[in-house]
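Okay, structure first, notes after.
The values are calculated or read from the model by the stated rules, or taken from the named source; none is laboratory data. Here the structure is a predicted model, which means the values were calculated and not measured. So basically every Cβ, Gly included, is an ideal-geometry build from the backbone, and we count neighbours across all protein chains shown.
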Amino acid sequence: MKGLFVSPSPHRAADMSTSKIMLLVIIALFPAAMAGCVFFGPRAAAVLAVCIAACVIFEALCRIVMKKDQTVGDLSAVVTGLLLGMNLPATVPFYVAVIGSFVAIVIVKQLFGGIGQNFANPAIAARIVLMLSFTSQMSGWVKPYWYSGAVDAETSATPLAAEWLSYTENGAAYKMAPFTLSEMFWGETGGCIGETCAAMLILGGLFLIITKVISLATPVAFIGSFAVLTLLYTGSLVDTLYGVLAGGLLIGAFFMATDYATTPLTTKGKVVFGIGCGLVTFIIRSFGSFPEGVSFSILLMNLLTPYIDRLTKASPFGAKKPVKAKS
Amino acid sequence: MNKLNGVHLSHNKGTKNCETVDFPLPKSVVIPMSQHMGAPCECLVKKGDTVTVGQKIGDTDAFMSAPIHSPVSGTVTDVIDFLLASGAVCKAAVIESDGLQTVCPDVKPPEITDKQSFIAAIRESGLTGLGGAGFPTHIKLNYDAVKTPVDTLVINAAECEPYITSDFREMMESPMDVIEGILLVQKYLGIPICKICIEDNKPEAIALMKKKTENLKSIQIVALPSSYPQGAEKVIVYSATGRIVAEGELPSNQGVMVMNVSTAAHMYRYTQDGMPLTKRRLTLDGDAVTKNAGNYFVPIGTRVSELLEHCGAEGAKKVLYGGPMMGICLYDTDQPVLKNNNAILAFKDGESPKTTACIRCGRCVRTCPLNLMPVLIENAYNAEDVEELKRLKVMLCMNCGCCSYACPAHRPLAEINQLAKAMIPRK
């Protein structure tokens, strides 16, 4: 019999592909994105749609211009667009969202070679560029349900930027957080579209861990180290919990610090990466002039990833001492 | 429990209840002179010679080799240069069967009195590892007992590859042959402990072997988790004993000898009837098989095309020697059954999935039983960075295929590991 296929072993492959992984991430992000649309209205949905569409179009155009295989089908551009949109306030002008998509896909991702080759997380880098370049457009925070007319004031501060209320009782001074922990958990606070609803972000994160898309190591190390440092610094469990639920910590820890291309390969490396993120976030939030530090911490650790990778290589089973490199 | 990384595969052991039957005697067989790891044999017969069953037709003075015997009686019609599926070329004897199966007068039970005569007899039996690698058994037995004393015999009955059930059938059909074979090795080599290691997806075999070894203190039955590649030598040694066979070492350096379960049983049968390795049990299965999937005693040298015809798999697009994870593709079904083929598998679909860009997900790193980093090996291979390849210990790769299997981008990582090995100059 002739006409047989011949290939090296193995002759089986796991039922997994890049596009399937991206689809799982989209599914995991969906509940938090939906919550954002409920809190911040049709305007939020429009921002998400603009970001996704822009990212997909930029990705497709880049591949055409660069004369490379079309990769838009792997859905990674959809993930980037969705993540970027979730990291923007609902009131952001559409042109700013498009510029952000351009930075994410064209500059950060495709100019470095496309999927798997970028050194920084595209959505994080784009968010930082927009924050620094369009500061006022990027801080149009609105209260949940502002669109329904049921709330009086349209503008609101984010949990991290808002003033804490001071009061004295029985001669002792107290400070009260501007939001209750329950509001923080369900996401009824001001903030970016997709970062406020802790409940849905945790749900999505658990989904990714159960489906083995991400490992437990990064979120545990990130959130854990941040929580421990905050607890040591403030001495208050409530303040610690408030800090964990506030801002971009959860979306960052579950969805952005776990990006494959820009984070370390081994579990050891992921732990180092997560602790680094937690530490930098804590320092910026506690001592820096920005209220929020998650994006900066992840970007900084992205830059350190090659070094972390080098220092946390797996040690092969039964290997004798490694061969010294010729210097 | 000592556990290394691996992957979980669907078992597809549909033939596990198929009792082994004799495969119809082929009219003609092709016997390559290289069916084992090591030097090929010289062909001892020439065109026109008459041969009988069990007659030695190939042998050599080389150390690393095993003699080859005729599985049929009949006439040598030709001695040809033959291209094996592995890519090597060797001599092969084509023998036309006379259908009488006249047994060679040399075939008689060997006289075994001590270690030396035991090892000599095993060499004459032509026995090689029946599990897949085809390592000549007499060389494995002839380790240096002074430098590397062995205290544990690990019997490999993991059978971790999907589809294959030939070792399972060996245990179910002739458990006493297995045990007697083990006792022979223990007796003549002085190995105090034997561990029969079986994956826990074969509870029937575990129960049967436990029952048969109840009164034998020197033999233990170890149930291992069903995780591929549990049956790989370094993996099974670690799982069964916790010992690590380090870089450049043989299991005997760690006081262990690993032997396939069917090899042990065959060893015993040879000491009883003196019939060398001329036929073997193999599993015939795969999704292209339409009828008669099962286990067969097949004469070595039977053309695979006859097996495929028997099981209605003429429409197969991919035919393998061995399992889907480590099996070798046949380029042509006129290839014969070899000593180390524990299965012939036929599949309908032969095309490999399309390769996409690496996304650095790390699945290859997490599944590698030896903690290698295939993603970095691929980069170093593409950069032709030999020093980096050495640092990444690519030479340890045993080509189990977990990395390629797990890769969502379907990159041929296991293949690249083998190519990378070839890039490192030999000392």
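Have a look at B:Asp106, B:Asp151, B:Asp98, B:Asp114 and point out the one that is acidic (Asp, Glu) and under 26 Å from B:Asp334 (Cβ atoms).
Details: B:Asp106 fails: under 26 Å from B:Asp334 (Cβ atoms); B:Asp151 fails: under 26 Å from B:Asp334 (Cβ atoms); B:Asp114 fails: under 26 Å from B:Asp334 (Cβ atoms).
That would be B:Asp98, the only listed residue that is acidic (Asp, Glu) and under 26 Å from B:Asp334 (Cβ atoms).
Just checking: which of the helices (runs of 4 or more DSSP H) contained wholly in the stretch B:161-275 hold 2 or more residues that are more than 14 Å from chain A (Cβ to nearest Cβ) and either within 28 Å of B:Pro299 (Cα to Cα) or in contact with a strand residue (DSSP E or B) (Cβ under 7 Å, 6 or more places away or on another chain) (or both)? First the steps, then the outcome.
Numbers: elements: B:166-173, B:175-189, B:203-212, B:233-241, B:261-273.
Passing ranges, in order: B:166-173, B:175-189, B:203-212, B:261-273.
From the list B:Glu415, B:Glu387, which one is facing chain A (nearest Cβ under 8 Å), under 21 Å from A:Gly318 (Cα atoms) and either aliphatic (A, V, I, L, M) or not in a loop (DSSP other than H, G, I, E, B) (or both)? Before the answer, list the steps.
Working: B:Glu415 fails: under 21 Å from A:Gly318 (Cα atoms).
Matching residue, one of B:Glu415, B:Glu387: B:Glu387.
Cβ-Cβ below 8 Å, separation at least six or inter-chain, first residue in the stretch B:86-103 and without any contact (Cβ under 8 Å) to a residue 24 or more places away in the chain, second aliphatic (A, V, I, L, M) and part of a strand (DSSP E or B): which pairs?
Hits for this filter: B:Val89/B:Leu83.
Tell me, which helices (runs of 4 or more DSSP H) wholly within the stretch A:224-327 include 3 or more residues that are under 29 Å from A:Gly116 (Cα atoms)?
Working: elements: A:237-245, A:267-287, A:294-311.
Here the list reads A:267-287, A:294-311.
Of the conditions (1) modelled with pLDDT under 95; (2) surrounded by 23 or more Cβ atoms within 10 Å (Cβ to Cβ); (3) among the aliphatic types (A, V, I, L, M), A:Ala253 fails just one. Which one is it?
Here A:Ala253 clears every test but (1).
More than 9 Å from chain B (Cβ to nearest Cβ), modelled with pLDDT under 95 and in contact with an Asp or Glu (Cβ under 8 Å, 6 or more places away or on another chain): which single residue out of A:Val38, A:Val72 fits that description? So that I can check it myself, show each step before the final result.
On the way: A:Val38 fails: in contact with an Asp or Glu (Cβ under 8 Å, 6 or more places away or on another chain).
Going through A:Val38, A:Val72 in turn, the sole match is A:Val72.
Per-residue answers, yes or no, for (1) within 14 Å of another protein chain (Cβ to nearest Cβ); (2) modelled with pLDDT of 95 or more; (3) within 21 Å of A:Gly116 (Cα to Cα):
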residue	(1), (2), (3)
A:Met1	yes, no, no
A:Val6	yes, no, no
A:Asp15	yes, no, yes
A:Met22	yes, yes, yes
A:Leu29	no, yes, yes
A:Val47	no, yes, no
A:Val50	no, yes, no
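Given the structure, is A:Phe30 surrounded by fewer than 17 Cβ atoms within 10 Å (Cβ to Cβ) and in a loop (DSSP other than H, G, I, E, B)? Don't jump to the end; show me each part of the working.
Numbers: surrounded by fewer than 17 Cβ atoms within 10 Å (Cβ to Cβ): yes; in a loop (DSSP other than H, G, I, E, B): no.
Here the answer is no, as A:Phe30 does not meet what is asked.
Would you check if A:Thr312 is out of contact with any Asp or Glu (no Cβ under 6 Å at 6 or more places or on another chain) and either away from chain B (no Cβ under 11 Å) or modelled with pLDDT of 95 or more (or both)?
Details: out of contact with any Asp or Glu (no Cβ under 6 Å at 6 or more places or on another chain): yes; either away from chain B (no Cβ under 11 Å) or modelled with pLDDT of 95 or more (or both): no.
So A:Thr312 does not fit the description; no.
Identify the residue in the stretch B:70-82 that is in contact with an Asp or Glu (Cβ under 9 Å, 6 or more places away or on another chain) and part of a strand (DSSP E or B) and, among all such residues, is surrounded by the fewest Cβ atoms within 10 Å (Cβ to Cβ). Steps first, please.
Our first condition is that a residue be in contact with an Asp or Glu (Cβ under 9 Å, 6 or more places away or on another chain); within the stretch B:70-82, this holds for B:72-77.
With the extra rule that they be part of a strand (DSSP E or B), the set shrinks to B:74-77.
Numbers: B:Gly74: 22, B:Thr75: 17, B:Val76: 20, B:Thr77: 14.
The qualifying residue surrounded by the fewest Cβ atoms within 10 Å (Cβ to Cβ) is B:Thr77.
Restricting to the stretch A:100-144, name every residue that is within 14 Å of chain B (Cβ to nearest Cβ) and in a helix (DSSP H, G or I).
To start, the set of residues in the stretch A:100-144 that are within 14 Å of chain B (Cβ to nearest Cβ) comprises A:109-110, A:112-122.
Answer for the stretch A:100-144, where residues must be within 14 Å of chain B (Cβ to nearest Cβ) and in a helix (DSSP H, G or I): A:Lys109, A:Gln110, A:Phe112, A:Pro122.
Of all residues in the stretch A:1-41, count the ones that are of a type outside the set (A, V, I, L, M) and without any contact (Cβ under 8 Å) to a residue 60 or more places away in the chain. Quick ask: steps written out before the conclusion?
Step one: filter the stretch A:1-41 for residues of a type outside the set (A, V, I, L, M), giving A:2-3, A:5, A:7-12, A:15, A:17-20, A:30-31, A:36-37, A:39-41.
Checking which are without any contact (Cβ under 8 Å) to a residue 60 or more places away in the chain leaves us with A:2-3, A:5, A:7-12, A:15, A:17, A:19-20.
Adding up the residues that qualify gives 13.
With respect to B:Tyr321, is the statement that it is buried (at least 21 other Cβ atoms within 10 Å of the Cβ), more than 26 Å from B:Ile179 (Cβ to Cβ) and aromatic (Phe, Trp, Tyr) true? Let's see the steps before the verdict.
Numbers: buried (at least 21 other Cβ atoms within 10 Å of the Cβ): yes; more than 26 Å from B:Ile179 (Cβ to Cβ): yes; aromatic (Phe, Trp, Tyr): yes.
Criteria met by B:Tyr321.
Being touching a Phe, Trp or Tyr at 6+ places or on another chain (Cβ under 9 Å), crowded, with 19+ Cβ neighbours inside 10 Å, part of a loop (DSSP other than H, G, I, E, B) and not hydroxyl-bearing (Ser, Thr, Tyr), is that true of even one residue in the stretch B:48-56? Don't jump to the end; show me each part of the working.
We begin by selecting, within the stretch B:48-56, every residue touching a Phe, Trp or Tyr at 6+ places or on another chain (Cβ under 9 Å); these are none.
No, every residue in the stretch B:48-56 fails to be touching a Phe, Trp or Tyr at 6+ places or on another chain (Cβ under 9 Å), crowded, with 19+ Cβ neighbours inside 10 Å, part of a loop (DSSP other than H, G, I, E, B) and not hydroxyl-bearing (Ser, Thr, Tyr).
Could you check B:Met64 against (1) over 20 Å from the mean Cα position of the chain (by Cα); (2) hydrophobic (A, V, I, L, M, F, W, C); (3) under 22 Å from B:Met275 (Cα atoms) and say which number it fails?
In the conditions (1) over 20 Å from the mean Cα position of the chain (by Cα); (2) hydrophobic (A, V, I, L, M, F, W, C); (3) under 22 Å from B:Met275 (Cα atoms), B:Met64 misses (1) alone.
Just checking, which of B:Ala346, B:Ala406 is more than 7 Å from chain A (Cβ to nearest Cβ), crowded, with 21+ Cβ neighbours inside 10 Å and modelled with pLDDT of 95 or more?
Numbers: B:Ala406 fails: more than 7 Å from chain A (Cβ to nearest Cβ).
So the residue among B:Ala346, B:Ala406 that is more than 7 Å from chain A (Cβ to nearest Cβ), crowded, with 21+ Cβ neighbours inside 10 Å and modelled with pLDDT of 95 or more is B:Ala346.
B:Asp106: exposed (fewer than 15 other Cβ atoms within 10 Å of the Cβ) and either touching a strand residue (DSSP E or B) at 6+ places or on another chain (Cβ under 8 Å) or of a type in the set (Val, Ile, Thr) (or both), yes or no?
Criteria met by B:Asp106.
Yes/no matrix, rows are residues, columns are (1) over 30 Å from A:Thr218 (Cα atoms); (2) modelled with pLDDT of 95 or more; (3) in contact with a Phe, Trp or Tyr (Cβ under 9 Å, 6 or more places away or on another chain):
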| residue | (1), (2), (3) |
| --- | --- |
| B:Thr302 | yes, yes, yes |
| B:Glu314 | yes, no, no |
| B:Lys317 | yes, no, yes |
| B:Leu330 | yes, no, yes |
| B:Val337 | yes, yes, yes |
| B:Lys354 | yes, no, no |
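Show the residue pairs that are 6+ apart or on different chains and have beta-carbon atoms under 8 Å apart, the first residue being within the stretch A:71-93 and assigned to a helix (DSSP H, G or I), the second being of a type in the set (Lys, Arg).
Sorted first by the residue in the stretch A:71-93, then by its partner, the pairs are A:Val72/A:Arg63; A:Thr80/A:Lys109; A:Leu84/A:Arg127.
Report, by residue number, each residue of the stretch B:409-425 that is buried (at least 19 other Cβ atoms within 10 Å of the Cβ) and of a type in the set (Val, Ile, Thr).
Correct list: B:Ile416 only.
Go through (1) crowded, with 18+ Cβ neighbours inside 10 Å; (2) more than 8 Å from chain A (Cβ to nearest Cβ); (3) in contact (Cβ under 8 Å) with a residue 40 or more places away in the chain; (4) not charged (D, E, K, R) one by one and return the number of the condition B:Thr355 breaks.
So B:Thr355 meets the others, but not (1).
Could we say that A:Leu245 is in contact with a helix residue (DSSP H, G or I) (Cβ under 7 Å, 6 or more places away or on another chain), away from every other protein chain (no Cβ under 13 Å) and modelled with pLDDT of 95 or more here?
Working: in contact with a helix residue (DSSP H, G or I) (Cβ under 7 Å, 6 or more places away or on another chain): yes; away from every other protein chain (no Cβ under 13 Å): yes; modelled with pLDDT of 95 or more: no.
No: the conditions fail for A:Leu245.
Which of the residues belonging to the stretch A:261-286 are in contact with a helix residue (DSSP H, G or I) (Cβ under 8 Å, 6 or more places away or on another chain) and among the β-branched types (Val, Ile, Thr)?
A:Thr262, A:Thr263, A:Thr266, A:Thr267, A:Val271, A:Val272, A:Ile275, A:Val280, A:Thr281, A:Ile284
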